[in-house]
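No value in this document is a laboratory result; all are computed from the given coordinates. These numbers come from a predicted model, not from an experiment. Cβ: placed from backbone, ideal geometry, glycine included. Neighbour counts: every protein chain shown.
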Amino acid sequence: MSLLTLSSLKKSFMAPDGGRKMIVDVPEFSLAAGQQLALRGESGSGKTTFLHLIAGILAADSGSIRLDEQDMAVLAEPARDRLRARTIGYIFQTFNLLQGYSCLENVLLGMAFGAGADRARATALLERVGLGQRLHHLPRQLSTGQQQRVAVARALAGRPQLVLADEPTGNLDHRNGREALALIRETCREAGAALLLVSHDPEVLAAFEDVRDFAQLNRAASEVAP
């Protein structure tokens, strides 16, 4: 059974010459519940825009995005936000942690947009990713690898059905990148969450059994995304 099904999905942006530049043009795509899939694509190929469309961060120009039996493309923004908060966890390449808040507070705030903050679960997740002794540290007091672990805990805190990961090892060194990727995959398996990861890193892609070329999905992949 497909958790996520896309059809005729298109997104364009205004070009400097005043015209429209097509960034995403995906005729069809699907992801099953619990599936772990990596998409291979170079920088500027529209991968991030693609994930943002799935997450409801951006609205599509046209097409259908069916997630958990609901079409996100036709939902009003408040309903789209609620569906995203309930269903999707997002791991950003730049982590997007709130710098004035502790590790625990970052995870709790992420949960607040979904079913609600659960201090015990947030603490357990941070302990699970090895940060049980740093619950009250601010992001600037953590290493880059530790910040990524907070981002992983935050993405999984709301028990999402789908985790989106945008170049999640791109800002990590080799060892931390390898450990972060293993952690993401393992925690998704434990939670029964599907994982859709995009990367251009051959080592990251080699860790997946299921890898597809984004350019083969996206007819606009040769365009340069803003």
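Residues whose amide H comes within less than 5 Å of that of ILE91, counting only those at least five positions distant or on another chain, are LEU164, ALA165, ASP166 (H built at 1.01 Å from N in the peptide plane). For the chain, modelled as a GNM with alpha-carbon contacts under 10 angstrom, which of ARG121, ARG40, ARG84 fluctuates the most? In the Gaussian network model the winner is ARG121. Dimensions of the stretch 26-118 from C-alpha coordinates, computed as largest minus smallest value along each principal axis and given longest first, are 42, 31, 26 Å.
For a distance above 17 Å, tell me the whole-number percent of Cα pairs in the stretch 99-226 that qualify. If you can, show how the numbers build up before the last one.
On the way: 4912 of 8128 pairs.
Above the 17 Å cut-off, the stretch 99-226 has 60 percent of its Cα pairs.
Between ARG219 and ARG66, the distance separating the two model label sites (each 7 Å from Cα on the Cα→Cβ line) works out to 2.1 nm.
Projected onto planes of every orientation and averaged, the convex hull of the alpha-carbon atoms in the stretch 73-130 covers 4.9 nm². From helices alone, the chain scores -10500 deg cm²/dmol at 222 nm; the rule is -39500 (n - 2.57) for each run of n ≥ 4 DSSP H residues, then divide by the residue total. Note on the chain: Cα-Cα pairs beyond 31 Å make up 19% of the total pair count. With N the number of residues in the stretch 110-153, Rg(Cα) / (2.2 N^0.38 Å) evaluates to 1.13.
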